[in-house]
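The values are calculated or read from the model by the stated rules, or taken from the named source; none is laboratory data. Computed from a predicted structure; not experimentally measured. Cβ: placed from backbone, ideal geometry, glycine included. Neighbour counts: every protein chain shown.
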Amino acid sequence: MRPLQDIVSCVARAKINLSPNGRAMVGKIHALTVNDNQPLTLKCKPVLLFKISMWYEIVRTEDRPERGPWRVSTRSYMYELQTSSGELVLSYHWHPTSKVRNPHAHLGHTQLAPHAVLSYKAHHPTGRISLESVIRTCITEYGVTPMNEKWTEILATREGDFETYRSWS
Amino acid sequence: MPDTKSDHEVEVVEVSREEGRSLLDRAARDELGMSGDRFLAKWDAGEYEDADDPAVTRVAMLIPFAR
């Protein structure tokens, strides 16, 4: 979980919750969330809230021995930005066991005009989105104050690992 | 990797099964107005297979906490 701790530490002090036996049990899909499933409050104006949920599996690194015998492989994700009142702004989803199998984004209805063609229920296709890229966007595009002065280096390093070791894109 | 001190600032906690079920139950009540058990029953019955509401996803992402 060290990579995830590093990534989250760029914008928040937080607690990562793992589902039961989520540190070690192999052959099972685990979940994680942050702060007991309460959104992180990002330091910016206007205030943004940030929810993080992921499914992951602990798998053998048979083809990458330099990484040690085990690694965490993402099985689904939800990275969601909300207004200070909890209304959806933007949410990146990938949950391949459901009807919409490919990564996509939902736009929050608070960001849409009353008669907009776009709908918050519509699935707008994306590539695979890294948590690092979402956090970087929060800092560079929405003025979130970084909580770690080394955020640029941390996100670049962790995203480099993500791009090197991910099993699909 | 640089010393980020993240181990001190972002802790990792593994919840118990009871705590996990409580987490799911709260989310199901907040997002969908039903208990966690009711949500799981509907999920297992396939009632959300065509769901396109992000609120369903918010709850579904917590299913492994309860199982």
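Going by the structure shown, is A:Gly86 surrounded by fewer than 18 Cβ atoms within 10 Å (Cβ to Cβ), in contact (Cβ under 8 Å) with a residue 40 or more places away in the chain, more than 16 Å from A:Phe162 (Cα to Cα) and in contact with a strand residue (DSSP E or B) (Cβ under 7 Å, 6 or more places away or on another chain)? Before you say what the answer is, go through the steps one by one.
Numbers: surrounded by fewer than 18 Cβ atoms within 10 Å (Cβ to Cβ): yes; in contact (Cβ under 8 Å) with a residue 40 or more places away in the chain: yes; more than 16 Å from A:Phe162 (Cα to Cα): yes; in contact with a strand residue (DSSP E or B) (Cβ under 7 Å, 6 or more places away or on another chain): yes.
So A:Gly86 fits the description; yes.
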Among the numbered criteria (1) facing another protein chain (nearest Cβ under 9 Å); (2) closer than 12 Å to A:Leu131 by Cβ; (3) free of Cβ contacts under 8 Å to residues at least 60 places away in the same chain, which single criterion is violated by A:Tyr79? (1)
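For A:Met78, are the conditions met, namely being surrounded by 13 or more Cβ atoms within 10 Å (Cβ to Cβ), within 23 Å of B:Leu62 (Cβ to Cβ) and touching a Ser or Thr at 6+ places or on another chain (Cβ under 7 Å)?
Numbers: surrounded by 13 or more Cβ atoms within 10 Å (Cβ to Cβ): yes; within 23 Å of B:Leu62 (Cβ to Cβ): yes; touching a Ser or Thr at 6+ places or on another chain (Cβ under 7 Å): yes.
Criteria met by A:Met78.
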Against the definition (at pLDDT 90 or above and hydroxyl-bearing (Ser, Thr, Tyr)), how does A:Tyr92 come out, yes or no? yes
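Can you name every residue in the stretch B:31-54 that is more than 9 Å from chain A (Cβ to nearest Cβ) and either outside any loop (DSSP other than H, G, I, E, B) or of a type in the set (Asp, Glu) (or both)?
Filtering the stretch B:31-54 down to residues more than 9 Å from chain A (Cβ to nearest Cβ) leaves B:31-47.
Within the stretch B:31-54, B:Glu31, B:Leu32, B:Gly36, B:Asp37, B:Arg38, B:Phe39, B:Leu40, B:Ala41, B:Lys42, B:Trp43, B:Asp44, B:Glu47 meet the criteria.
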Restricted to the stretch A:1-20, and to residues that are in a loop (DSSP other than H, G, I, E, B) and at the interface with chain B (Cβ under 7 Å from one of its Cβ atoms), which residue is surrounded by the most Cβ atoms within 10 Å (Cβ to Cβ)? A:Ser19
